[in-house]
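A.B. asks: Got a structure here, written out as structure tokens. Questions coming.
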Amino acid sequence: MSDPSPVRPAVPVLDVWCDLQCPDCRGALDDVRALRARYGDRLELRLRHFPLEKNKHSFAAAQAAEEALEQGRGWEFVEAVLGRVQELDRAGEPFLVEVARELGLDAEEFDTALIDGRHILIVDADQAEGKAIGVSGTPTYVIDGERLDGGKSQDGLRERIERIADRLLAGPE
């Protein structure tokens, strides 16, 4: 009888509720990058969609982000779009396809995905779940059941997330 392989603890998950047309989410990019650099694959950062009604291109941007995830470059796409929020404001969906092209993704597939709506259900489900857990603005982070609202202020949020992540990674006390 062989020894069972050791059970590896689950990787902590940080849900990042985001609207890709939101200037506050753009401001949170430095924190997200820092968390990704610090933890690498020891912390799973999950993009969760919460397009706000006031941002007319945010629902399309969320669908485009899902297509980028499907093509293996989700976070790169998210960072590229958030870094140029004003262009998204002005140009809308053609800008999303252009960003995909710039990143070397299949831009025609992006265009098709935005037309056929293949990712709408994912975006709708994220938004419904966000509302159910009390997300009201973006960015909002959820880690270990704790909701941290970055839409009011980013001050100190990364440090709070790091404390929770460090505790989770340390395991039971």
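A.B. asks: Could you list, ordered by first residue, the pairs with Cβ atoms under 8 Å in which the first is in region 70-99 and at positive phi and the second is modelled with pLDDT of 95 or more and crowded, with 16+ Cβ neighbours inside 10 Å, at least 6 apart or interchain?
C.D. replies: Short answer, once both residue conditions are applied: Gly92/His57; Gly92/Ala60.
A.B. asks: Still on this structure: Answer with yes or no whether Leu168 is in a strand (DSSP E or B), surrounded by 14 or more Cβ atoms within 10 Å (Cβ to Cβ) and touching a strand residue (DSSP E or B) at 6+ places or on another chain (Cβ under 9 Å).
C.D. replies: Considered against the rule, which asks whether it is in a strand (DSSP E or B), surrounded by 14 or more Cβ atoms within 10 Å (Cβ to Cβ) and touching a strand residue (DSSP E or B) at 6+ places or on another chain (Cβ under 9 Å), Leu168 comes out as no.
A.B. asks: Of all residues in region 116-133, which are assigned to a helix (DSSP H, G or I) and over 14 Å from Glu66 (Cα atoms)?
C.D. replies: Ala128, Glu129, Gly130, Lys131, Ala132
A.B. asks: Please work out which one of (1) open to solvent by 60 Å² or more (accessible area, probe 1.4 Å); (2) in contact with an Asp or Glu (Cβ under 8 Å, 6 or more places away or on another chain) is the condition Asp30 fails and give its number.
C.D. replies: Evaluating Asp30 over (1) open to solvent by 60 Å² or more (accessible area, probe 1.4 Å); (2) in contact with an Asp or Glu (Cβ under 8 Å, 6 or more places away or on another chain) leaves (2) as the failure.
A.B. asks: Within region 147-161, can you find the residues that are open to solvent by 30 Å² or more (accessible area, probe 1.4 Å) and assigned to a helix (DSSP H, G or I)?
C.D. replies: Selection gives Arg158, Glu159, Arg160.
A.B. asks: For region 33-63, enumerate the residues that are open to solvent by 20 Å² or more (accessible area, probe 1.4 Å) and assigned to a helix (DSSP H, G or I).
C.D. replies: Within region 33-63, Arg33, Ala34, Arg36, Ala37, Arg38, Gly40, Asp41, Arg42, Phe59 meet the criteria.
A.B. asks: For residues that are of a type in the set (S, T, N, Q) and closer than 21 Å to Val13 by Cα, scanning just region 88-146, find the one that is surrounded by the fewest Cβ atoms within 10 Å (Cβ to Cβ).
C.D. replies: Among them, the one singled out is Ser136.
A.B. asks: On the basis of being surrounded by 16 or more Cβ atoms within 10 Å (Cβ to Cβ), more than 15 Å from Asp15 (Cβ to Cβ), at pLDDT below 95 and under 17 Å from the mean Cα position of the chain (by Cα), does Val85 make the cut?
C.D. replies: Judged against the criteria, Val85 is a match.
A.B. asks: Within region 120-133, restricting attention to residues that are of a type outside the set (Val, Ile, Thr) and under 15 Å from the mean Cα position of the chain (by Cα), which residue is farthest from Gly92 (Cα to Cα)?
C.D. replies: Among those residues, the one meeting the criterion is Glu129.
A.B. asks: Can you name the condition, by its number, that Trp75 falls short on among (1) among the aromatic types (Phe, Trp, Tyr); (2) surrounded by fewer than 21 Cβ atoms within 10 Å (Cβ to Cβ); (3) farther than 30 Å from Glu162 by Cβ?
C.D. replies: Of (1) among the aromatic types (Phe, Trp, Tyr); (2) surrounded by fewer than 21 Cβ atoms within 10 Å (Cβ to Cβ); (3) farther than 30 Å from Glu162 by Cβ, only one is false for Trp75: (3).
The values are calculated or read from the model by the stated rules, or taken from the named source; none is laboratory data. This one's a predicted model, so the numbers in the text were calculated from it and none came from an experiment. All Cβ positions, even for glycine, are placed from backbone atoms using ideal geometry, and neighbour counts span all protein chains on display. Ligands, DNA and RNA are stripped out before the accessible areas are found, and what is left, the full protein with its side chains, is counted by its heavy atoms. Shrake-Rupley method; radii C 1.70, N 1.55, O 1.52, S 1.80 Å.
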